[in-house]
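The values are calculated or read from the model by the stated rules, or taken from the named source; none is laboratory data. Please read these numbers as outputs of a predicted model, since none were measured by experiment. Note that each Cβ is placed from the backbone with ideal geometry, even for glycine, and that neighbours are counted across all protein chains shown.
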């Protein structure tokens, strides 16, 4: 199981870098859906054995992160008729470079740490750090609200990967609570998207500068 978990975490690394380098919103959403599907397998593999807790968390993750939330985001971009991220604060190439440098630092940082002997992979922490960094970059450098929602989702994916280290210690209700918070956040952001589109005929967050008191 260790080799399979390592392969999945390496794919998550690659998806992190890819999502920083594409401006197509549909590609960004499909990428985060694939990342959610991959994460659904990790609770089963993280401790080298199949148990009910890991299976239940994996099924919930697949339903929400891999299917439901990406479907909601795809519906949102169809409703507001947008296709690409335009003029990000940091260029796509520079974002990929920043993500790659962050991944390198995360790998080096992890070599100085010692995980518990029952951990199946040494890539859990670097994958978590890199995914959190990717989400933070999308949140802070992209102008489209949809991309920022995806950034929030990817940031939570990084926290989810960290949670694999504590899967046996943290009750399933806590994990379910995290997923519930995520769903609530996505619903709220979807409502905001609709209001932004209705008021400004755009979901470019730079338009918020027009909201000034007279």
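What to note about this one:
- Applying the criterion of being over 18 Å from the mean Cα position of the chain (by Cα) and either outside any helix (DSSP H, G or I) or surrounded by 16 or more Cβ atoms within 10 Å (Cβ to Cβ) (or both) to the residues of region 88-102, the residue that is modelled with the lowest pLDDT is 88.
- Count of region 27-60 residues, restricted to those that are closer than 15 Å to residue 9 by Cβ and within 15 Å of the chain's Cα centre (by Cα), is 8.
- Lone qualifier among 12, 17 - being over 13 Å from residue 157 (Cα atoms), surrounded by 16 or more Cβ atoms within 10 Å (Cβ to Cβ) and at pLDDT 90 or above: 17
- Residues within region 134-155 that are in contact (Cβ under 8 Å) with a residue 24 or more places away in the chain, buried (at least 22 other Cβ atoms within 10 Å of the Cβ) and closer than 16 Å to residue 15 by Cβ, tallied: 7
- Unmet requirement for residue 160, which otherwise passes all of (1) within 28 Å of residue 4 (Cβ to Cβ); (2) touching a helix residue (DSSP H, G or I) at 6+ places or on another chain (Cβ under 7 Å); (3) surrounded by fewer than 22 Cβ atoms within 10 Å (Cβ to Cβ); (4) modelled with pLDDT under 85: (3)
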